[in-house]
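Participant: This is the structure I want to talk about, given as structure tokens.
The values are calculated or read from the model by the stated rules, or taken from the named source; none is laboratory data. Small disclaimer: the values here were computed from a predicted structure and weren't measured. All Cβ positions, glycine included, derive from the backbone under ideal geometry; neighbour counts span all protein chains shown. Ligands, DNA and RNA are stripped out before the accessible areas are found, and what is left, the full protein with its side chains, is counted by its heavy atoms. Shrake-Rupley method; radii C 1.70, N 1.55, O 1.52, S 1.80 Å.
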Amino acid sequence: MDDVRSHGTVTDLIVHDDWRGRGIGQTLLREAERLTREAGLKRLVIGALVANERAERTYRAFGFEPYVSILSKEL
């Protein structure tokens, strides 16, 4: 179970609209992977809002796969 909880996490990855499509997000993801490996961890986790289809496509193209489902309810 320790391997499930021991991972690197990208909490936010934001590229300004004017700079999107230039590979900046991929560069940031590669650096996050490098730092995660350097820390001796074997998993990197990133989240995206369901409505942010572009981010999810980018993350999937980068090799990320569904790992956890988080549900939300407005009160």
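Participant: Roughly how many percent of the accessible protein surface of the chain is carbon and sulfur, given a 1.4 Å probe and a whole-percent answer?
Facilitator: Carbon and sulfur: 52 percent of the exposed surface of the chain.
Participant: Label points 7 Å out from Cα along the Cβ direction at R60 and V45: separation in nm?
Facilitator: Going by the 7 Å Cα→Cβ label model, 2.1 nm.
Participant: How high is the relative contact order of the chain, in percent, counting Cα pairs under 8 Å that sit 6 or more residues apart?
Facilitator: Value for the chain: 35 percent.
Participant: How about the chain: which trypsin sites (Lys or Arg not before Pro) there lie in a loop by DSSP and see at most 15 other Cβ atoms within 10 Å?
Facilitator: Qualifying residues, ordered by number: R20, R22, K42, R43, K73.
Participant: Across region 51-67, in residue order, what do the Karplus-derived ³J(HN,Hα) couplings come to in whole Hz, using 6.51 cos²θ - 1.76 cosθ + 1.60 with θ = phi - 60° and x for Gly and Pro?
Facilitator: For region 51-67, the Karplus curve yields 6, 8, 5, 4, 4, 4, 4, 4, 5, 5, 5, 7, x, 6, 10, x, 9 Hz.
Participant: For semi-axes √(5λ) of the Cα gyration tensor in Å, which listed value, (i) 21, 12, 11; (ii) 19, 12, 10; (iii) 21, 19, 10, comes from the coordinates shown?
Facilitator: For semi-axes √(5λ) of the Cα gyration tensor in Å, the calculated option is (iii).
Participant: Taking loop as defined by DSSP and a crowding limit of 12 other beta carbons within 10 Å, which GluC sites (Glu not before Pro) in region 3-75 fit?
Facilitator: Here the sparse-neighbourhood loop sites are E74.
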